[in-house]
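First comes the structure, then the notes that go with it.
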Amino acid sequence: MSLQVTDLRVYYRTLAGDVKALDGATFSIADKEIMGLAGESGCGKSTLGNSLIRLDGRMRYIGGSVNLDGADMPIWDKDAMVDFRFREVSVVPQYAMSAMNPTRKIGKMIGELVESRGIKYAEIKPELERRIDLVGLGRDVLGQYPMELSGGMKQRMVMVISTLLDPSLLVADEITSALDVSTQRAVAETLVSFRDHGFVKSMMVITHDVSILYQIADSILIMYAGKLAEKASTATIINEPRHPYTQMLISTLPEVGVRYKEKKLTGIPGSPPSLLKPPTGCRFRARCPLAFAKCVEEPPFVTVDTDHQVACWKATGTDA
Amino acid sequence: MLSLDRVSKSYRVGTFGGKELLAVKNVSFDIQPGEVVSLIGESGSGKTTVGKMVLKLLDITRGRITFDGADVSMVKGSAVKDYYRQVQGVFQDPFSSYNPIFKADRVFSMIKSEYFPSVPNSEWSDKVEASLRSVTLDPAGVLNKYPHQLSGGQLQRLLVARALLLDIKYLVADEIISMLDASTRIDVLNMLADLKGRGLGILFITHDLSLGNYISERTVILRKGVVVEMGATDKVFGTPTHPYTRALVASVPQLHKKWEDIEAELAPVDTGTCPFHEAYPLAGRSAVPAPDEPTLVKVEDDHYVGCFELDSEKVKLVA
Amino acid sequence: MSVATKSDVGSQEPTVVGSPVEEVPAGKARGEFLYFAVRSKKFLFSIGVLGILAILAIVGPMLDSSDPLAYNSTPMMGPSADAGYWLGSTLNGQDVFAQFANGLRATFFVGFLGGGIAALVGMTIGFVAGYKGGWVDEMLNMLTNIFLVIPTLAVLLVIASYLPSDMRGVPFEAIFIGLTSWPWAARAIRAQTFSLRNREFIDLARLSGRGGWKIIMQEIAPNMSSYLFLTFILLFGGAILIGASLDFIGLGPHEGYTLGLMMYESINNSALTLGLWWWFIPPGVAITACVGALYVMNVGLDEIFNPKLREL
């Protein structure tokens, strides 16, 4: 087990009160696993990803534990996390284009970065160059400024930098959403190749685009309104989802080949609840066509099959 | 009918505007009433520029756009208002489409003050409510609210409702659902498709092939300002012929088909000698003057492709 | 400033859907403005300070009708209500309160007229240049730059030497300041307008058949209202300060009396070393209070104008 997250809660401080953006998450990622994390905006998926890296000023750790390769990560302690960040857990941020200092040449910036971690640039340079070749960038990028690179190139460059110290876990946050389809595919496939080359042990790919996950992820975790809804292997999530939210979400996605004339898709009526004062019980209750009396109690996130967890009374068969 | 006839748009760049940058080149297609035409392209393809030219928000450099036969560029002064009575647009970012300091329903009162100043208020609010219902919005839930109090999907529907208050014949929808969440975007898309029933012609601009495929009757694929393939949607997606279209179709992430499998179905076309293809070894520095862009060739009924490689033999192959 | 940043829907997290919003009583925009205005402490405070100063400027000269320049009292007398000299007298025995009241009136006048003219010119040029773009923008930009590099002082020296002295009153000073201090405002407003012009709601207003001028006044300007107000405040304060410095080097009005002249004379007559604090403190405090209150008002108005800030 590479990553084990137990009952993690992270709230956002606002003037109106705490927004319960991540309200109890328990899951694990195995070695070599690429886990996709999907859900609509505001479901807490980015909060979950960020909390493994760095809690920003508005985020408040409430409880829970994160264990990476047998060691507990003190995610509530920004300073103690310095030892883990980049070495053990690394991130490719959503706007990788702006993640690089525009006034520094890329090579110089990487030098400063690794030396801040006590590693000599000269020692790591051969490996760096090997990986730059691997992602199909020329070695001369090290002498260039970030603005000289296109969006897709920057994205790949940031991926190389983030994984340079072979971290155990890589968090990729919406890294393909701003890209064109052709670049999107190249970036997504680079992620897979990093795992295959052993640059990272496991990966968490956060996106709102489930079809990208179908292409690259081994398993998919679906979140809804700050809670985990369902986790299973990719094929199971796409073909036999158990949670009504997952089922409806998958069925709303138009695919090449699906035509309005022939098969009219429908959305999910209603909108997610406010996370300031979330409703008790199942948070999907108000939009759920299957909701029944039991749903006023909160459904636990339980295993229903091998590597398949669901938080739904109907799916766990305890509706009797 | 709204038709584009060899429409080009160029920008002057560099010192004293010495260089000409072509954003759109010789784009021709038309939209019939009651049909959705999707204009598909990646960023920088010029798709938004085409939409803005149709909406007269940008001037046309060369070529003509005609609306029921009348040249749109010639529409000036008070006639512009008449044009907008019939041709309207909705844009990508729902939040940037509203003036943030005013209530969202101000988009309706603006229409009233410019187009229906003499309609009594009670009659007007009936009209607004009817229009809101036709885009499946509950008037009580959206009127008298600020933009940030509404969801992206509600805001985009409000804008469509705004357009419907006029007697529009054509709607330019520029990436209107790309910023919406999965659970609501399909409803907005369906609502748009339902408008066809009213005889509305829609120019659906998108980067997402699956959306274009879902909603439109005809598809135009734009690459770097040039139309590379167009025709009936089922034909363009059924037998994608231009190498660029094939590459696009192959890279779209699908839900039930892996990339490798799609690629296996769409064997790549050899494009080694095409001066427009990036793989062409001398691209940009060829000593041989590049020919004009390939003209669109009819490969089958209602299916046109612009590719030099498409000699008569290959045309037969696809047909 | 109140120009809201483009919100990125995809990355908005956490989204507070259906957040409770303070109910706004039904009514027009003006009623709503008042509703929030009377609830803003900042706004009420600044209005209070400005109100007091304005009343002083209007009523002061009526209360004390003595000539501010007449030498009719014991020199260097401290403030004394019994003697009828509320703020004492100057080195030469002039009534400080009379000077202060008259000076405040003139200073407000210079601020309003000078700042007003500069704001009007700056906004017009900034809006037109930013909205129209193209060659109109280039021409106006050139004009702005020319005005920006004109040495104001040299021009004023030349004008002063040719202008008959009976025309060099406070109004002339105000107009001159107004016509020379607009360029930076024009540039700042042009930049703001330019960024707003590319927002989609401007395109939508055009699609609603709105003309350019209406779009500037009804779509762009309200979005920058607090920014425009800040511009006016800075121009207002600037006009007061420029006026004072012009007075200081003898290019000030030959008719009338201003707070700048008052401070100039007090310093010139060693009020600081003689300890005549009642001579220079009141004009200094008045200028500071006036500009400071306008600044606080700007912050308060930002909260009133911007519905997003209201809910915090």
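Quick notes on this structure:
- Largest-first ellipsoid semi-axes for segment C:59-310, taking √(5λ) over the Cα gyration tensor eigenvalues, angstrom: 42, 22, 13
- When you restrict to C-alpha pairs under 8 Å that are six or more residues apart and normalise by the size of segment A:96-166, the relative contact order lands at 45 percent.
- Test item: B:244-254 mean partner chain Cβ contacts at 10 Å: 5
- Residue-by-residue Karplus 3J(HN,Hα) for segment B:208-214, coefficients 6.51, -1.76, 1.60, Hz, glycine and proline x: 9, 4, 5, 5, x, 5, 5
- DSSP-defined beta bridges in the protein assembly as shown - what % are antiparallel, rounded to 5: 60
- Over segment B:152-219, the Kirkwood radius and the radius of gyration, each from Cα atoms, give a ratio Rg/Rh of 0.92.
- Sorting the segments A:172-180, A:292-300 by their mean number of nearby beta carbons within 10 angstrom, highest to lowest, gives A:172-180, A:292-300.
- 19 Å Cα-Cα reach of A:Lys108 towards aspartates and glutamates, excluding residues that sit fewer than 8 places from it in its own chain: A:Glu123, A:Glu127, A:Glu129, A:Asp133, A:Asp140, A:Glu148
- Pairs beyond 26 Å (Cα-Cα), from B:Lys103/B:Lys127; A:Lys314/B:Lys257; B:Lys145/C:Lys214; B:Lys47/B:Lys235; B:Lys47/B:Lys81: A:Lys314/B:Lys257
- Sorting A:77-83, B:225-231, B:38-44 by average packing, meaning the other beta carbons within 10 Å per residue, from highest down gives B:225-231, B:38-44, A:77-83.
- Within the listed set B:His256, B:His207, B:His242, the residue fluctuating most in the Gaussian network model of chain B (springs between alpha-carbon atoms under 10 angstrom) is B:His256.
- Neighbour net charge for B:Leu2 - beta-carbon separation under 10 angstrom, K R +1, D E -1: -1
- Filtered GluC sites (Glu not before Pro), segment A:229-287: DSSP coil and at most 14 other beta carbons within 10 Å: A:Glu262
- Here the alpha carbons of the protein assembly as shown define both size measures, Rg and Dmax, at 33.6, 113 Å.
- For chain B, a Gaussian network of Cα nodes joined below 10 Å ranks B:Gly212, B:Gly201, B:Gly34 by mean-square fluctuation, and the top entry is B:Gly34.
- Residue-averaged beta-carbon neighbours from other chains (10 angstrom radius) around A:240-249: 1
- Extent of chain B along its three principal axes (Cα atoms, max minus min coordinate, largest first): 68, 51, 37 Å.
- Relative contact order %, segment B:2-230, counting alpha carbon pairs below 8 Å whose residues are six or more apart: 33
- Neighbouring Cβ atoms from other chains, within 10 Å of the Cβ of residues in A:177-185, number 5 on average.
- In this entry, segment A:269-320 is assigned a mean projected area of 4.1 nm², taken as a quarter of its C-alpha convex hull surface.
- Computed from the C-beta positions of C:Thr74 and C:Asn268 and an R0 of 25 Å, the FRET efficiency is 0.75 to the nearest 0.05.
- DSSP loop trypsin sites (Lys or Arg not before Pro) with at most 12 other Cβ within 10 Å: longest gap in chain B: B:77-284
Taken together, the values in this text are just the output of simple stated rules run on the coordinates, not laboratory data. None of these values were measured; they are calculated from a predicted model. All Cβ positions, even for glycine, are placed from backbone atoms using ideal geometry, and neighbour counts span all protein chains on display.
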